[in-house]
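Report on the following structure.
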């Protein structure tokens, strides 16, 4: 299955329950949509259903941190999500002003990070919610 990527709109927020993934998704997405340091922000869709929303947060010139907010049913789209994220991050490194994209993941998501083409860089102590995260990077030419 191929997921369609479209720019995120406020309409997409309604597909998420406020606390469905351990954070207030509606508030977080609203904040991201209004932030000048978060771009691009894309919704990956299966028909009318938002499978996940992802975007980039500006770190410094050419350096961005990617993030993903899943829907409840993301696990039903594992292979499609991997393919979509491979394409999205490759596009960012070739056609967007990015030469480095980084992601910070928990232990249980390391395999996923590697499957979309990121390489392990370091362990970031107490990165989010007091938990250690694994920093992965993908760099352009």
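Report note on the peptides 97-103, 135-141, 108-114: ranked by the mean count of other C-beta atoms within 10 Å, highest first, their order is 97-103, 135-141, 108-114. Given axes a ≥ b ≥ c from the Cα gyration tensor, I'd like to know whether segment 62-133 is rounded (a/c under 1.5), prolate (a/b larger than b/c) or oblate. Oblate, since a/c reaches 1.5 and b/c is not below a/b. Cβ-Cβ distance of residue 76 and residue 6, R₀ of 22 Å, FRET efficiency by 1/(1 + (r/R0)^6): the value works out to about 0.65.
Modelled label positions at residue 119 and residue 90, each set 7 Å beyond Cα in the direction of Cβ, lie 1.8 nm from each other. Taking the fewest neighbouring Cβ atoms within 10 Å as the starting point, the ordered list for 92, 131, 3 is 131, 92, 3.
FYI, it's all coordinate maths here, none of it is from the lab. This is a predicted model, so every value here is computed, not measured. Methodologically, a virtual Cβ is constructed for each residue, glycine included, from the backbone with ideal geometry; neighbour enumeration extends over all protein chains shown.
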